[in-house]
Amino acid sequence: MLALIDTLRQEHQRLRQLLGQCEAAAPSQLRGHLGPLRETFLALKSSKERLYGEADAVCRADGDENGLIVLGILCRNTLVMSDAILSFMANLDGIPDAHLQPRFRTVAQAMRSVLDVEERSLFPLCLRHTAAPPAPADARPVPHRSQRVAP
Amino acid sequence: MSRIPSTMDLSRLDSDARLRVLDGPLMERTPDPALQAVVEEAARTTDFPIALVSLVGSRIQFFRAQVGLPPELEAARATDRCSSFCQFVVAGERPLQVEDAEGDPSLPRELVERYGIRAYFGFPLRVGGQTVGSLCVIDVRARQLAAGSLEALARLAERASARLESLASSWAFASLGEGDRAHRAWLELVERQPLLSLSEQFSRGALSLPELQRALGVLAHLSGEAEK
């Protein structure tokens, strides 16, 4: 599972690069950049489904009921959103160039949110169930606001 | 008090012409100061704790502007359409007044049971000749509104409609002739955004697990439908 998370982190980086290229593209060129983005996102989704399966198994094995609830909710929500993103990207033909760029901004924001949720919550949850060294500070789950100490 | 007629035709909620209006800046989550001013004035004028500009979509009601929502609904900015009271304002194309939802079996129960909603007063919002949503005020106590407050709400709804019309015209949705499939795919993506927003806020520690679960309770239809 550790190796899979490392791979996913690299793929997230790659996806962020592609997102940046799409956002920098002129409206008339954007469509051409979306093919590689979709392919990368699709491959990433497949890797994540594998990770979710493995995470579910270790949570069950460790009796982590709370973890299973969180995993179930976050996996469902991110996968549901990923499906909607892919469906949008498979239906670009009818979209005029003038609409594509503003629509893409919504898609890019959604993709970044998916990556963010996974890095902040799902990866740390998986790592808690391995003998891995502590996750980097930016990957640790943030405590709920009621548990934070005021500076 | 208004009761929802059992004969009310909800199919008009799904009319293509109506859903096509829900596009571009209308469905953006970026705050709009003009709409925010409307909901703040609506809450102040009526002394109700919650006021919303709610746009009723294909699967959800989307809160384009809001004041007074609990943190998880503020994060989601939506509930299932089928749980909403605003759907009846849109389907009926007229105001809805609910003084006490507790004893009204014609209303959906999710918001009453999970959030204790009792009073609801909503006025139609119209864009491009279509009824797209409701300006509403909500309270967890049974309430009545004086005629003067109802008139003020009606005027505020006209102001909100004018602002929504202006946002929609900047998008020029009708003139560009985008295909229906493309629009539906985009609307589906936008309407699932509340699930992701909730997950994001939970991941950032802004929502507890019980808050997340409570909000998912009023998005159960969206969540379940999306999973199929």
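The values are calculated or read from the model by the stated rules, or taken from the named source; none is laboratory data. The model shown is predicted, which means the values in this text are computed figures rather than measured ones. Every residue, glycine as well, gets a Cβ built from its backbone with ideal geometry; the counts of neighbours run over all protein chains shown. Quick note on the areas: whole protein, heavy atoms, side chains included, nothing else; ligands and nucleic acids left out. Shrake-Rupley method; radii C 1.70, N 1.55, O 1.52, S 1.80 Å.
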Single residue of A:74, A:68 found to be open to solvent by less than 70 Å² (accessible area, probe 1.4 Å) and within 18 Å of the chain's Cα centre (by Cα): A:74
Kindly indicate whether any position in the range B:86-107 is under 17 Å from residue B:36 (Cα atoms), in contact with a Ser or Thr (Cβ under 8 Å, 6 or more places away or on another chain) and of a type in the set (S, T, N, Q). no
Cβ contacts < 6 Å: first residue touching a residue at least 24 places away in the same chain (Cβ under 8 Å), restricted to the range A:98-122; second residue β-branched (Val, Ile, Thr), any location; separation 6+ or different chain. Result? A:110/A:85; A:114/A:78; A:117/A:78
For the range B:187-201, give me each residue that is within 7 Å of chain A (Cβ to nearest Cβ) and open to solvent by 10 Å² or more (accessible area, probe 1.4 Å). B:188, B:190, B:192, B:193, B:200
Just to verify a result, which residue in the range B:198-220, among those that are touching a Lys or Arg at 6+ places or on another chain (Cβ under 7 Å) and in a helix (DSSP H, G or I), is nearest to residue A:99 (Cα to Cα)? B:203
Does the range A:91-98 contain any residue that is within 9 Å of another protein chain (Cβ to nearest Cβ), in a helix (DSSP H, G or I), at pLDDT 80 or above and surrounded by 19 or more Cβ atoms within 10 Å (Cβ to Cβ)? no
Note on the range A:107-124: residues facing chain B (nearest Cβ under 9 Å) and either surrounded by fewer than 19 Cβ atoms within 10 Å (Cβ to Cβ) or under 24 Å from residue A:54 (Cβ atoms) (or both) are A:109, A:113, A:114, A:116, A:117, A:118, A:119, A:120, A:121, A:122
Can you tell which of B:159, B:143, B:155, B:163 is in a helix (DSSP H, G or I), in contact (Cβ under 8 Å) with a residue 40 or more places away in the chain, farther than 28 Å from residue A:109 by Cα and of a type outside the set (A, V, I, L, M)? B:159
Odd one out for residue B:166 among (1) open to solvent by less than 30 Å² (accessible area, probe 1.4 Å); (2) under 23 Å from residue A:99 (Cα atoms): (1)
